[in-house]
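Accompanying notes for the structure given below.
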Amino acid sequence: MIRKFLLRLVAIIAGLFVVLWSALFLFQDKLIFQSVSLERNYVYSFNFNFQEYFIPVGGQHTDTLNALSFKPKEESKGLIIYFHGNRGNLQRWGQYAPNLTRHGYEVLMIDYRGYGKSTGKPGEQAFYSDARQVYQWARGRHPEGKLILYGRSLGSAVASHLATEVSCDLLILETPFDELRGVMDPYFEFGIQFLPLRYKFSNYENLRDVQSRVLILHGTADKVVPLSSALRLKSQLQSPEDFVIIPKGGHRNLGSFPEYQLALEKFLP
C-alpha cells in the first residue's frame, strides 16, 4: 500500500516536472523578452529634451532599432550607450537618463528588436549583433571623446558582450547576473541546471575577455536578480572596489541612493 502510494507520488512529481519543463521550453521567449510595442508615430513624453533616431541593423539593414539621445545641460564629456532591461520600451527606460546626464554625459538608449518601435524578433545573438552595429553608428557620430557602455539587468550581458569586441573607456553593469540561470532563486540551484533555457546571456564568460575597467552596481534587496548571482562576477574585476553594494537597494531604484551617485561621480569624472 505504501509502495503504491510512493510510486504514484513519484509519477505525479515527474509528470509535473515534465509539464513545467515543456512550458518553460515553449514559452521562455515570452518570459525573457517582455517587450511592449509602440506605433511608429508614437510621441515620447519626458520632462527633459531628447532626440529620436532609427538605426538600421541586420545583414541587409532589414530592421531598424529605435533610439533616443539625451544630452547633458553642459558640454558633453562623452557618450554612454545604454542597454536596458528585458521589460517595456524606451518610454519606460528614458526616465533613468537624468541619472547619467547629470554627470555630464550624453546618453544613447536603444530599444531591442521587437521592443517599442524597433522591428524584428528578439534573441540573444540578434541583440549582440545589433549592439555592435549601434556602436559603429554611434562612433561614426562621436569619433572622439570618451565612450562608455552601460548595461542594466538583461542589458548587462549585451553590454559586457559588446565590450569583448570593441574598445570602450568603461563598462558599467547595474543589477547584473552571472548568467541567465543565475536569476533563479539559489534555493533551486540543483534543479536549475535541468531547465531547458535556449539563452545563456553570460556576464561571467564575457568579463573574462573585457579589457576595460568594469563597475558593478547591485543592491542587497534586489528581488529580481539575487545579489549572490552578481557576486560571482567579483573575481573578474580589476579591484574589489569596482563592485559597489548598495544596502537596501532593489532592482529598480538604485538611482535614488546616494551610494549610486557617489560611485558614478568617482567613475565618471
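Step through the residues of the stretch 39-44 one at a time and calculate ³J(HN,Hα) from phi using the Karplus curve (6.51 cos²θ - 1.76 cosθ + 1.60, θ = phi - 60°), rounding each to whole Hz and writing x for Gly and Pro.
Once θ is set to phi - 60°, the couplings for the stretch 39-44 become 5, 4, 8, 4, 9, 5 Hz.
At a Cα cut-off below 18 Å, give the aspartates and glutamates reachable from K77, other chains included and same-chain residues fewer than 8 away excluded.
Candidates past the 8-residue exclusion: E106, E144, D169, E265.
Quick one: which residues, 5+ away or cross-chain, put their amide H under 5 Å from the amide H of D178? H built at 1.01 Å from N.
Result for D178 returns A230.
What lysines sit close enough to K73 to cross-link, taking a C-alpha to C-alpha distance under 30 Å and skipping anything fewer than 8 places away on the same chain?
Here the lysines satisfying the reach criterion relative to K73 are K117, K146, K266.
For T64, enumerate residues with amide H under 5 Å from its amide H, sequence gap 5+ or separate chain, H modeled in the peptide plane.
For T64, the qualifying residues are V57, T119.
At what distance in angstrom do the alpha carbon centres of the stretch 66-144 and the stretch 228-246 lie from each other?
Each part reduced to its Cα centre gives a spacing of 24 Å.
Need the list of aspartates and glutamates near K121 for cross-linking: C-alpha distance under 20 angstrom, and skip anything on the same chain fewer than eight residues off.
D29, E39, D63, D111, D130
Which of the trypsin sites (Lys or Arg not before Pro) across the stretch 57-114 are loop residues per DSSP, with 13 or fewer other Cβ within 10 Å?
K73
Quick one: helix 2-32 against the long Cα principal axis of the chain, what's the angle to the nearest 10°, folded into 0 to 90?
The two axes meet at around 20 degrees.
Step through the residues of the stretch 117-134 one at a time and calculate ³J(HN,Hα) from phi using the Karplus curve (6.51 cos²θ - 1.76 cosθ + 1.60, θ = phi - 60°), rounding each to whole Hz and writing x for Gly and Pro.
8, 6, 9, x, 10, x, x, 4, 5, 5, 4, 5, 5, 5, 4, 4, 6, 5
Of all DSSP beta bridges located in the chain, what percent are antiparallel, nearest 5?
Taking every DSSP beta bridge within the chain, about 30 percent pair in antiparallel fashion.
Scan around S37 for amide H atoms under 5 Å from its own, H built in the peptide plane at 1.01 Å from N, and keep only partners 5 or more places away or cross-chain.
Hits under the 5 Å cutoff: G116.
I'd like the Karplus ³J(HN,Hα) series for the stretch 139-150: coefficients 6.51, -1.76, 1.60, θ = phi - 60°, whole numbers in Hz, and an x wherever there's a Gly or Pro.
Result, rounded to whole Hz: 5, x, 9, 9, x, 10, x, 5, 9, 10, 9, 10.
Check each of the GluC sites (Glu not before Pro) in the stretch 63-112 and keep only those in coil by DSSP with at most 14 other C-beta atoms within 10 angstrom; list them in order.
Those that pass, being in a loop and sparsely packed, are E74, E75.
So what is the calculated 222 nm ellipticity per residue for the chain, using -39500 (n - 2.57) for each DSSP H run with n of 4 or more, over all residues, to the nearest 500 deg cm²/dmol?
Rounded to the nearest 500, the figure is -10000 deg cm²/dmol.
Could you state the angle between the C-alpha long axis of helix 154-163 and the longest principal axis of the C-alpha atoms of the chain, as a value from 0 to 90 degrees rounded to the nearest 10?
60 degrees
Bear in mind these aren't lab numbers, they're just calculated from the coordinates by the rules spelled out. Given the structure is predicted, the values throughout are model-derived calculations rather than measurements. Please note: Cβ atoms are built from the backbone with ideal geometry, for glycine as well, and neighbour counts cover all protein chains shown.
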